[in-house]
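Let me begin by presenting the structure, written as structure tokens, before commenting on it.
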Amino acid sequence: MAEEIRISRAFIEQELPQAPPLYVSVFLMTQAIGQKAAEVAHALDILESDVLRAWKYWQERGYLLEAQQQEMAAKPVASARPEYTPAELSAYLKHPDIQLLFRSAEQKLGKSLSYSDMAMLFSFYDWLGLPMDVIELLLSDCVSRGKRGMRYIEKVAIAWAEEGIDTPEKAAEYLRMRRQGYREVMRAFGQGNRMPAPEEEKYLKKWLRTYHLPTEIVAAACERTILRTGGVSFAYADRILEQWHKAKVQSMADVQKLDEAFAAKKAVHQKSEPAYRQQSKPHSNRFINYTQREWDYAELERLEREKQSEW
């Protein structure tokens, strides 16, 4: 066991203020007693999964020792939910945070938790790595939508973990997007207040979370889609928004500039086009090579008509 622990001033000034307190405790205890996750967990009276989570944090910051990395590699995250024995679950129940989670879940769900319910809830923390306060928000959201089935709640938990929703701030932003952003977009598509179907939600996540487009921009693309196609087409709106994203659109003023640039380019093209070409336009089909434009509504409309004709 080390008699002294040397920590640089730079580490103290730069890393400690922004690191979660538990992770700091794990880091210090690891330096003090060794590289075994079980030993560190026992010394701090926390779960071994907490230690591994803290080690992962310090690994990403470049402070994890080779011995710790080897132990983390030997204990990979399971691809399927682990099975906990009653003895294991009883041991975890000794931790105040776990007790609080279960009591809160019983209040929210309006029932006493069975063994399988408790095992599933604990897996959100131990297996998926969701913090306790994020699980609380997840449960509240599901219950507010009338979804109390544990299988449904597990699917939501897995989705959150896959999308990296691992802080209260990220969870709050995601919930705000679903409650406000989704409804605004669906209303722009003339769908009232209904929530999107799973396949539709993939598009919404892409536009709002991956592209980080403002809701009003997405809504504007949906409105244009209806005007140009006469119906609801997420694929058509996606092509518009993909072009806007490439053009770094972030406001309606940016959209207006693109429209004006496209109109000016079109006017110049029509003015320079020979008279005989203006009078007689060739029949178009999918084998004609079109001049690529960064912004071309006409091409989008043609693609959409072809797609509809194939149905």
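The values are calculated or read from the model by the stated rules, or taken from the named source; none is laboratory data. The shown structure was predicted, so the numbers you read here are calculated from the model rather than taken from an experiment. Cβ sites come from the backbone with ideal geometry, for glycine too, and all protein chains shown count toward neighbours. To get the accessible areas, we keep the full protein, side chains included, count just its heavy atoms, and leave off ligands, DNA and RNA. Shrake-Rupley method; radii C 1.70, N 1.55, O 1.52, S 1.80 Å.
Numerical summary
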| item | result |
| --- | --- |
| Solvent-accessible area, 1.4 Å probe, carbon plus sulfur percent, for the stretch 1-53 | 53 |
| Accessible surface of Y203 - all protein chains present, 1.4 Å probe, nearest 10 Å² | 70 |
| Spin-label pair L28/E60, simplified geometry with 7 Å Cα→Cβ offset, distance in nm | 2.3 |
| Largest to smallest accessible area among E216, E162 [probe 1.4 Å] | E162, E216 |
| Percent accessible area from carbon and sulfur atoms, the stretch 107-173, protein chains only, probe 1.4 Å | 54 |
| The stretch 76-233 - accessible surface per residue (Å², probe 1.4 Å) | 51 |
| Projected label distance in nm at V268 and Q180, using a 7 Å step from Cα toward the beta-carbon | 4.1 |
| Förster radius 41 Å - calculated FRET efficiency between V232 and A80 (Cβ-Cβ, nearest 0.05) | 0.65 |
| Potential lengthening between N193 and Q18 on full extension [0.36 nm per residue; Cα-Cα distance subtracted] | 59.0 nm |
| Under 25 Å from K155, Cα to Cα: lysines that are on another chain or at least 8 residues apart | K56, K75, K108, K111, K147, K170, K202, K205, K206 |
